[in-house]
Amino acid sequence: MKKSPLYPLILVNFQFFMLGFVWNLANVLVALFQETFGLNNFQTSLLTSISFFAFFAISYPARLFIDKFKTVTTIVVGCMLAALGLLIFVPGAVFMSYPLFLAGVFVMFSGATFLQVACNPYVRALGPDKSAASRINFSQGLGAVGAFLTSYVAGGFILKLFKDDPFQGIIWFYLILTVMYAGLGFLIRLAKMPVNPNEVPQQQNAGNVPDRSKKSAWNYRHFRTGFIVLLLYMGAEAILYQLMTPYFMQEAPIEKSRAVDISGLMFLGLMIGRLLGAGMLIKVNPGRLVGWFGAIAGLLIIISMASTGYVAIYSIILTGLFISIMFATIFSLSIDGLGRFTNEASSYLIMAISGGFFIPLLFGLAADYLSLKTSLFIVLIPLLLASWYGFFGARRRS
């Protein structure tokens, strides 16, 4: 049985923590930007959508990069790109420029694309196949810990400590994050990181590929279906993150900082769900768990659409617990048994994260013409499709 090397996993998992932390920063800043720059729902959605567009635009170049330079170098470059993107927020705050903030988001998430393409299959490969879904969920769970802390650490620093001048808070906070991400890249570069087993020819040839005649990951039905489901699901998840602060302020008479604090509870649910899910997935069938969690999340969205006030708010918050395992588990199910096609499949699945670009734009337009609450049907449909994939679509077929 393969053993998981400890120090490399610690470094990679800390990267997941950092990625989760910076991923949720848009939720802290969205209401501030909306108020400062006078943005409508569509313009506001660009803050989240551009981050997901990076996954669409950069996934294929990242795949070419990892094919040539391998996993560890790709992780280091991803850390440095993320640090550069965070640094761009400093002139954005100095010049009060929304386009500069959007540019920083794109560069930062270009780095995140490199990291996701490299780290997810790397964590899956560094250990026994039986616990692969559990390992990825644990890593993503650490990302949820980071996302949970963002609302309180970044929100407290930028919106409370620098209440009179939050853009000054942005300057200092993003400088600190830049140094941390660059430092992590240097640590990984200096560490003796093991080679990804899927990149060793002998391992590839012995890979668990059911049909040696297959020429691409696209020849596998469970991968093709997983790609489509993940594309739509990531759009729904992005909407939930983007929606929370303005939706909570609409549903209850609360201030912006209070709405940000409440939104942190959703990431607490993500954190708890992923860490518990990592344990559950050792014994519970991953597809079945996705099926049930997707169905319950869909039910909670229906409850929010049909209610008002704090019932509508906390049904959205509770959704975080049940979407917690979706990305990591659908990802793992989709690349199961692909062997030498794993890196190829991984790059396309990370590209599917770009659903968080296209679908929130549709949601933003719908919300401008309808309402935030009515437009939640755009979130409901992908959750039900994820449930179907867990129960039926993830069965491995060619």
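The values are calculated or read from the model by the stated rules, or taken from the named source; none is laboratory data. This is a predicted model, so every value here is computed, not measured. Using ideal geometry, Cβ is built from the backbone for each residue, glycine included, and neighbour counts are taken over all protein chains shown.
Brief remarks follow.
- Residue within the stretch 62-76 that is in a helix (DSSP H, G or I), of a type in the set (Lys, Arg) and on the phi < 0 side of the Ramachandran plot present: yes
- Residue within the stretch 3-16 that is at pLDDT below 90 and at positive phi present: no
- Considering only residues in the stretch 105-130 that are among the aliphatic types (A, V, I, L, M) and within 19 Å of ALA345 (Cα to Cα), the one that is surrounded by the fewest Cβ atoms within 10 Å (Cβ to Cβ) turns out to be LEU126.
- The set of residues in the stretch 347-398 that are under 17 Å from LEU47 (Cβ atoms) and either outside any helix (DSSP H, G or I) or charged (D, E, K, R) (or both) comprises ASP368, LEU372.
- Selection from the stretch 320-334 of residues that are within 17 Å of ASN285 (Cβ to Cβ) and among the β-branched types (Val, Ile, Thr): ILE325, THR329, ILE330
- Residue match in the stretch 44-59 (condition: assigned to a helix (DSSP H, G or I), out of contact with any Leu (no Cβ under 6 Å at 6 or more places or on another chain) and either over 19 Å from LEU361 (Cβ atoms) or free of Cβ contacts under 8 Å to residues at least 40 places away in the same chain (or both)): no
- Per the listing MET18, MET80, MET96, the residue uniquely in a loop (DSSP other than H, G, I, E, B) and out of contact with any His (no Cβ under 9 Å at 6 or more places or on another chain) is MET96.
- Residues that are in contact (Cβ under 8 Å) with a residue 60 or more places away in the chain, farther than 30 Å from LEU46 by Cα, assigned to a helix (DSSP H, G or I) and among the basic types (Lys, Arg) occur in the stretch 179-200; there is at least one.
- Contact map, the stretch 250-267: residues that are farther than 17 Å from LEU29 by Cβ paired with residues that are among the hydroxyl-bearing types (Ser, Thr, Tyr) and at pLDDT 80 or above, Cβ distance under 8 Å, separation 6+ or inter-chain. Pairs shown: GLU251/THR308; GLU251/TYR310; ALA252/TYR310.
- Checked against (1) in a loop (DSSP other than H, G, I, E, B); (2) of a type in the set (A, V, I, L, M); (3) at pLDDT 90 or above, ILE170 passes all but a single condition, namely (1).
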